[in-house]
Amino acid sequence: MSFFLQKQNAAWKSPLFEMQRFHRDLNRFLEASIPGRGDDDVSLLTGGWSPAVDVIDNKDGVVVKVELPGIRKDDINVSIENNVLTVQGEKKPELENPEADVLRSERYYGSFYRAFTLPSSVDAQKVSAKFENGVLELSVLKKEEAKPKQIRIDVR
């Protein structure tokens with residue numbers, strides 16, 4: 001019995017245990033700050049929720065893919081100013097029956113805002129956008145002088 005108590009007390013003093021406890025407490029705090037999670041609807045995120053994003057730099061330009069399921073394209077605004085690409089909008093709740101009580105809601109609603117500083121190698125005037133299956137894909141082409149060039153070497 002005393003061995004068990006010593007082992008238990010040693011765990012309380014372990015730095016690893018303290019880090020795990022801190023991590024668990026921090027996760028619990030952050031979960032409570034996201035709308036629809038925990039008991040609190042106060043959000044730490046700018047806007048209310050933040051869509052998942054992939055940013056890809058390839059030889060032709062930069063591609064930004066933003067997951068926006070359930071959002072109409074009319075509710076999305078995209079702009080580029082001073083080489084900062086901004087995607088913002090709003091996901092509106094779907095009220096099938098406004099008189100019904102919601103028993104559980106885990107989906108995010110409300111406004112969102114994401115901003116990305118683009119590299120100086122891109123041409124902010126050459127942007128294309130497509131919105132398909134809830135994914136917004138923005139392509140910003142690189143300036144011609146910034147694209148990699150292959151130089152042929154003659155062997156003599």
message: Apply the a/c threshold of 1.5 to the C-alpha gyration tensor of segment 55-156 and tell me whether it is rounded, prolate or oblate.
response: prolate
field: Ranked packing of 17-24, 109-116, 93-100, 67-74, most packed first, by mean Cβ within 10 Å
entry: 109-116, 67-74, 17-24, 93-100
query: If amide H atoms are built 1.01 Å from N in the plane of the peptide, which residues on other chains or at least 5 residues away come under 5 Å of the amide H of GLY61?
result: LYS142
task: Could I have the simple spin-label model distance between LYS143 and GLU67, label points 7 Å from Cα toward Cβ, reported in nm to one decimal?
output: 3.5 nm
query: What distance in nm separates the simple spin-label points at ASP74 and SER120, each placed 7 Å from Cα in the Cβ direction?
result: 4.2 nm
FRET E, pair ASP57, TYR113, Förster distance 35 Å, beta-carbon r, rounded to 0.05: 0.95
statement: Looking only at aspartates and glutamates whose Cα falls under 13 Å of LYS59's and that sit 8 or more positions away or on another chain, we get GLU144, GLU145
query: Can you give the FRET efficiency for GLU90 and VAL135, using 1/(1 + (r/R0)^6), R0 = 25 Å, r = Cβ-Cβ distance, to the nearest 0.05?
result: 0.90
- request: Take the cross-link list LYS91/LYS143; LYS92/LYS143; LYS73/LYS142 and give me the ones stretching past 32 Å between alpha-carbons.
  value: LYS91/LYS143; LYS92/LYS143
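Rule-based calculations on the coordinates, nothing more; no lab input. These numbers were taken from a predicted model, which means no experiment stands behind them. Note that we place each Cβ from the backbone using ideal geometry, even for glycine, and neighbour counts take in every protein chain shown.
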